[in-house]
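Colleague: Okay, handing you the structure first.
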Amino acid sequence: MRVVCLLTGLLLLTACIDGDDLSHYVAEVRARPVAPPDPLPKTAEFVPEAYQPDSKRSPFVQPQPESTKQAANSTAACSLPDNERSPEVLERYSLDNLSLRGTLGDSRGLSALIRTQDGVTHRVGMGQRMGLNLGEVVGITANELILKEYIPDGKGCWESRETRLVLTATQ
């Protein structure tokens, strides 16, 4: 411990001795001539343009809502899901959390065995609903389940898409 204290004291003492060199260096740097700063780059002069609205909406007036006649015409051509029914059990799960584990067949046709993320297996038939996007079972084969889902397009309409759940191995 004493050796460390002695070495620290010796280093501090030599640092004080070298302070004279430092003051000479600072005086030399301050004596140098100051270089002028680089000139600013040339910029293009701003030229304002006159506003010409043509057929566009004025940005200074609050926009008016679309007429209900246009909205009725646009939604008439849309496919709309049935929102009046009560949701089924498997509509609480996203398709990422559901897996097809097998199929069962009887005189009524094929049924699919769907396992949820919490380990519960459900029997699903044609026309039943599952998934978060209003998916309806439209086909069941030995190796896959076919869903018709409805996705909102942001304009008040719904686009339908086909999604498949493929049979996965049991673990």
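Colleague: Would region 89-103 turn up any residue that is over 13 Å from residue 165 (Cβ atoms), part of a strand (DSSP E or B) and polar (S, T, N, Q)?
Modeller: Kept after step one, since they are over 13 Å from residue 165 (Cβ atoms), are these residues of region 89-103: 89, 91-92.
Narrowing further to those that are part of a strand (DSSP E or B): none.
Within region 89-103, none of the residues are over 13 Å from residue 165 (Cβ atoms), part of a strand (DSSP E or B) and polar (S, T, N, Q).
Colleague: For region 144-154, which positions are loosely packed, with under 11 Cβ neighbours inside 10 Å and at negative phi?
Modeller: As a first pass, look at region 144-154 and keep what is loosely packed, with under 11 Cβ neighbours inside 10 Å: 153-154.
Across region 144-154, the qualifying residue is only 153.
Colleague: In addition: Confirm whether residue 94 is exposed (fewer than 15 other Cβ atoms within 10 Å of the Cβ), modelled with pLDDT under 85 and among the small types (Gly, Ala, Ser).
Modeller: Values: exposed (fewer than 15 other Cβ atoms within 10 Å of the Cβ): yes; modelled with pLDDT under 85: no; among the small types (Gly, Ala, Ser): yes.
No; evaluated as a whole, the condition is false for this residue.
Colleague: Same structure, new question: Would you confirm whether or not region 97-113 contains a residue that is under 25 Å from the mean Cα position of the chain (by Cα), within 21 Å of residue 159 (Cβ to Cβ) and surrounded by 10 or more Cβ atoms within 10 Å (Cβ to Cβ)?
Modeller: If we filter region 97-113 for residues that are under 25 Å from the mean Cα position of the chain (by Cα), which is where we start, we get 97-99.
Within this subset, residues satisfying the condition of being within 21 Å of residue 159 (Cβ to Cβ) are none.
No, that holds for no residue.
Colleague: Only residues in region 43-64 that are free of Cβ contacts under 8 Å to residues at least 24 places away in the same chain count as the first member; pair them with residues that are surrounded by 10 or more Cβ atoms within 10 Å (Cβ to Cβ) and charged (D, E, K, R), Cβ under 6 angstrom, at least 6 apart or cross-chain, and list the lot.
Modeller: Between residues of region 43-64 that are free of Cβ contacts under 8 Å to residues at least 24 places away in the same chain and residues that are surrounded by 10 or more Cβ atoms within 10 Å (Cβ to Cβ) and charged (D, E, K, R), there is no close pair.
Table: residues versus (1) at pLDDT below 90; (2) part of a loop (DSSP other than H, G, I, E, B); (3) acidic (Asp, Glu); (4) touching a His at 6+ places or on another chain (Cβ under 9 Å).
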site	(1), (2), (3), (4)
25	no, no, no, no
30	no, no, no, no
34	yes, yes, no, no
38	no, yes, yes, no
41	no, yes, no, no
54	yes, yes, yes, no
58	yes, yes, no, no
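Colleague: Considering only residues that are in a strand (DSSP E or B) and out of contact with any Ser or Thr (no Cβ under 9 Å at 6 or more places or on another chain), look in region 131-143 and name the one that is surrounded by the fewest Cβ atoms within 10 Å (Cβ to Cβ).
Modeller: That would be 138.
Colleague: Let me ask you something else. Looking at region 137-144, can you tell me whether even one residue there is in contact with an Asp or Glu (Cβ under 7 Å, 6 or more places away or on another chain) and modelled with pLDDT of 90 or more?
Modeller: Within region 137-144, the first condition is being in contact with an Asp or Glu (Cβ under 7 Å, 6 or more places away or on another chain), and the residues that meet it are none.
No, every residue in region 137-144 fails to be in contact with an Asp or Glu (Cβ under 7 Å, 6 or more places away or on another chain) and modelled with pLDDT of 90 or more.
Colleague: Could you run through region 140-154 and say how many residues are out of contact with any Lys or Arg (no Cβ under 9 Å at 6 or more places or on another chain), under 15 Å from residue 166 (Cα atoms) and not β-branched (Val, Ile, Thr)?
Modeller: Here is the first cut: in region 140-154, the residues out of contact with any Lys or Arg (no Cβ under 9 Å at 6 or more places or on another chain) are 140-143, 152-154.
Next cut, under 15 Å from residue 166 (Cα atoms) only: 140-143.
Now drop any that are not not β-branched (Val, Ile, Thr), which leaves 142-143.
Selection size over region 140-154: 2.
Table: residues versus (1) in contact with a Gly (Cβ under 7 Å, 6 or more places away or on another chain); (2) β-branched (Val, Ile, Thr).
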| site | (1), (2) |
| --- | --- |
| 91 | yes, no |
| 100 | no, no |
| 103 | no, yes |
| 106 | no, no |
| 110 | no, no |
| 123 | no, no |
| 128 | no, no |
| 151 | no, yes |
| 154 | no, no |
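Colleague: Condition test on residue 165, is it part of a strand (DSSP E or B), in contact with a Gly (Cβ under 6 Å, 6 or more places away or on another chain) and either among the hydroxyl-bearing types (Ser, Thr, Tyr) or touching a residue at least 12 places away in the same chain (Cβ under 8 Å) (or both)? Write out each step before concluding.
Modeller: Numbers: part of a strand (DSSP E or B): yes; in contact with a Gly (Cβ under 6 Å, 6 or more places away or on another chain): no; either among the hydroxyl-bearing types (Ser, Thr, Tyr) or touching a residue at least 12 places away in the same chain (Cβ under 8 Å) (or both): yes.
Taking the combined requirement at face value, the residue does not satisfy it.
The values are calculated or read from the model by the stated rules, or taken from the named source; none is laboratory data. Bear in mind the structure is a predicted one, so any value in this text is a computation, not a measurement. Here the Cβ is made from the backbone with ideal geometry for all residues, glycine too, and neighbour counts use every protein chain on show.
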